[in-house]
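Colleague: Supplied in structure tokens, the structure appears directly below.
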Amino acid sequence: MWKSVGNGVLEGASKVGDIDPSKLTITTSETLKPIPPPETLTFGATKTDHMLVIAFDPENGWNAPEIKPYGPFSLDPCSSVFHYATSMFEGMKAYLGPDGEPLLFRPEMNMSRMEKSAERVALPPFNSQALLTLIKKLVVLEKRWIPTEPGYSLYLRPTMIGTRPSLGVTASDHALLYVICTPAGPFFKGPSTDLSLSAVNEHVRAWPGGHGGHKLAVNYGPGFGPLREANSQGYNQVLWLLGDKITEAGAMNFFAVVKRDDGDLDLITPPLDGTILPGVTRQSILDLANAHTEGKSHLPDVPSTQKLYTHEQDLTMTYLRLWHDEGKLLETFCVGTAVIVGSVTRIGQDGKDLIIGSSQAGCPWTDAFRKRLTDIQLGKFKHEGWAVPCAEA
Ligand SMILES: *Cc1c(COP(=O)(O)O)cnc(C)c1O
């Protein structure tokens, strides 16, 4: 039996194979799909022509990777994923750089998170560098699908499911790793990008010692009931609380900009205590804020002398309300690969709404982070190692 020895390495790799990009076979689609006009795209609905598929079985380990026409799988009804939710995923985006070549944003962070998710549900370990090489090849093949309009990109969904064809309540020793691509526009459609959140603590998304810090499928389905309720009350998303403590909003990390008594600002987001998904965007926002405050790289259209001190610390509704009433709560926003940076202007709890930000002041920090991040993603603003070209793969 294969066994992980960490870092995606399989013990006894001579017996079972790891992912080997040199064994890739590519079968291209005979008829390519027409590309729909970008304004008609809804998130995740349009699929590109091809997908990457790699199967794992206990005898051979990882089989030869295949890029082939997008299409359905045939799976045994007993498959582990259908009964025990052995399923995990990633979300990444590809953009076209100024030279017309595809770029990925900090993809190694998605790869290492994916390895950890696999480990949490005992799905087989894999060489994530090899997977990244294959993802780049897929993106290069699907390049014509990458939209160039501002706010648009090609969303990638690496996924792994347990396919052990037996009802035994145990780890899946068969798996399917696949990557699909879907062209995507701005995540929240409508006249405004402002988000409203309904703060909820009668249902919890994640708890201490739980698995909310991993991108496991099982973390999302149970959120859809509360989301539907929040939508019916006129809110875009759920703000997940643990008691009074703010954790995340929907599947996005949450930030607050708070004015200090000395005139500088605090940027606060909950710490990675196991209840928070370690977002690539979250880390990037912290990095950009630190670079600004240390004078290394100033954010656009905000005072270069104003310092924004980052804190990964507990954030409660009680404090949010207090800061709001004292006029210190300047901005709140949510971040994630899909939304990038979404401004939060209304948070409801127990029938009362907290209105954040003023229409005159706008939300300069939220806007600055969104602009800088998208410029880096599009290769317009150079940031060492963050926009990774696919072409040489
Ligand atoms: C994916 C996700 C995020 C955002 O992570 P990114 O790496 O920035 O896309 C935040 N919270 C949850 C619960 C998520 O699933």
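The values are calculated or read from the model by the stated rules, or taken from the named source; none is laboratory data. Worth saying up front: this structure is predicted, and the values here are computed from it rather than measured. Note that we place each Cβ from the backbone using ideal geometry, even for glycine, and neighbour counts take in every protein chain shown. These area figures cover heavy atoms from the full protein model, side chains too; ligands, DNA and RNA do not enter into them. Shrake-Rupley method; radii C 1.70, N 1.55, O 1.52, S 1.80 Å.
Colleague: Determine how large the accessible area of residue 266 is when every protein chain is in place; take a 1.4 Å probe and give Å² rounded to the nearest 10.
Modeller: 30
Colleague: Further question: Any chance you could list the semi-axes, whole Å, largest first, of the equivalent ellipsoid that the Cα gyration tensor gives for the chain, using √(5λ)?
Modeller: Values: eigenvalues 270, 121, 79 Å².
Each semi-axis is the square root of five times an eigenvalue, giving 37, 25, 20 Å.
Colleague: When the helices in the chain are scored as -39500 (n - 2.57) per DSSP H run of 4 or longer and the sum is shared across all residues, what 222 nm value do you end up with, to the nearest 500 deg cm²/dmol?
Modeller: -6000 deg cm²/dmol
Colleague: Report the extension gain between residue 322 and residue 361 in nm, rounded to one decimal, defined as 0.36 nm multiplied by the number of residues separating them, less their alpha carbon distance.
Modeller: 12.0 nm
Colleague: Here's another thing I want to ask about it. Amide H to amide H, which residues 5 or more places from residue 344 or on other chains are under 5 Å from it, using H placed in the peptide plane?
Modeller: For residue 344, whose amide H was placed from the backbone, the distant partners under 5 Å are 195, 332, 333, 334.
Colleague: Another one. Give the lysines whose C-alpha is closer than 22 Å to that of residue 136, dropping any in the same chain fewer than 8 places away, or say none.
Modeller: Excluding near neighbours in sequence, the set is 23, 33, 47, 68, 93, 116, 215, 380, 382.
Colleague: Still on this structure, I have one more. Expected output is a single nm value to one decimal: the length gained when fully extending between residue 260 and residue 273, i.e. 0.36 nm times separation in residues minus the C-alpha distance. What is it? Don't skip to the end; give the middle numbers.
Modeller: Details: separation 13, 0.36 × 13 = 4.68 nm, distance 2.53 nm.
Between residue 260 and residue 273, full extension yields 2.2 nm more.
Colleague: Just how large is the dipole of region 98-243 about the Cα centre, in debye to the nearest 20, putting +1 at every Lys and Arg Cβ and -1 at every Asp and Glu Cβ?
Modeller: Details: 14 positive and 11 negative charges, 44 e Å.
Rounded to the nearest 20 debye, it is 220 debye.
Colleague: Between residue 93 and residues 5 or more places away or on another chain, which pairs have amide H atoms under 5 Å apart, with H built 1.01 Å from N, and which residues are they?
Modeller: Excluding prolines and chain starts, which carry no amide H, the hits are 105, 156.
Colleague: Using a probe of 1.4 angstrom, how much of the accessible area of region 137-262 is carbon and sulfur, in percent?
Modeller: Details: 2900 of 5270 Å².
Taking all protein chains in place, region 137-262 shows 55 percent carbon and sulfur surface.
Colleague: Starting from the Cα of residue 294, step 7 Å along the direction of its Cβ; do the same at residue 26; then give the gap between the two resulting points in nm.
Modeller: 4.0
Colleague: At 0.36 nm per residue, and after removing the present C-alpha to C-alpha distance, how many nm does the segment from residue 384 to residue 166 gain when stretched out fully? Could you put the intermediate results ahead of the total?
Modeller: Numbers: separation 218, 0.36 × 218 = 78.48 nm, distance 4.71 nm.
Working it through step by step, the gained length comes to 73.8 nm.
Colleague: Just to be sure I understand: of the beta bridges DSSP finds with both ends in region 22-79, what percent are antiparallel, rounded to 5?
Modeller: Working: 6 of 8 bridges.
Antiparallel: roughly 75 percent of the beta bridges in region 22-79.
Colleague: Moving to a separate point now. Which percentage, to the nearest 5, of the DSSP beta bridges contained in the chain is antiparallel?
Modeller: Numbers: 62 of 78 bridges.
If we restrict to bridges inside the chain, about 80 percent are antiparallel.
Colleague: What fraction, in whole percent, of alpha-carbon pairs in region 1-150 exceed 20 Å separation?
Modeller: Numbers: 6401 of 11175 pairs.
Roughly 57 percent, once rounded to a whole number.
Colleague: If one takes the longest principal axis of the Cα atoms in the chain, at what angle in degrees, from 0 to 90 and to the nearest 10, does the Cα axis of helix 364-377 lie?
Modeller: 20
Colleague: At a Förster radius of 51 Å, what calculated FRET efficiency corresponds to the Cβ-Cβ distance of residue 312 and residue 228, to the nearest 0.05? Walk me through the numbers on the way to the answer.
Modeller: Values: r = 31 Å, r/R0 = 0.61.
Rounded to the nearest 0.05, the efficiency is 0.95.
Colleague: Now for a separate question. So for 282, 346, what's the accessible-area order with a 1.4 Å probe, most first? Could you put the intermediate results ahead of the total?
Modeller: Numbers: 282 0, 346 65 Å².
The ranking, largest first, comes out as 346, 282.
Colleague: Relative contact order (percent) for region 262-312, with alpha-carbon contacts under 8 angstrom and 6 or more residues of separation?
Modeller: Working: 49 pairs, mean separation 27.6, N = 51.
The normalised contact order for region 262-312 reaches 54 percent.
Colleague: Suppose each label sits 7 Å from its Cα in the direction of the beta carbon; what would the residue 129-residue 73 distance come out to in nanometres?
Modeller: Computed distance between label sites residue 129 and residue 73 equals 2.7 nm.
Colleague: Using a cut-off of 12 Å between alpha-carbon atoms, which aspartates and glutamates can reach residue 307, once sequence neighbours fewer than 8 places away in the same chain are excluded?
Modeller: By straight Cα distance, residue 307 reaches 262, 264, 266, 294.
Colleague: Another question, if that's okay. Using modelled amide H (1.01 Å from N, peptide plane; none on Pro or chain starts), what sits under 5 Å from the amide H of residue 316, excluding residues fewer than 5 places away?
Modeller: 246
Colleague: Quote the charge dipole size of the chain about the Cα centre in Debye, to the nearest 20; the model charges only the Cβ of Lys and Arg (+1) and of Asp and Glu (-1). Display every interim value, and only then the final one.
Modeller: Details: 36 positive and 43 negative charges, 103 e Å.
It comes to approximately 500 debye.
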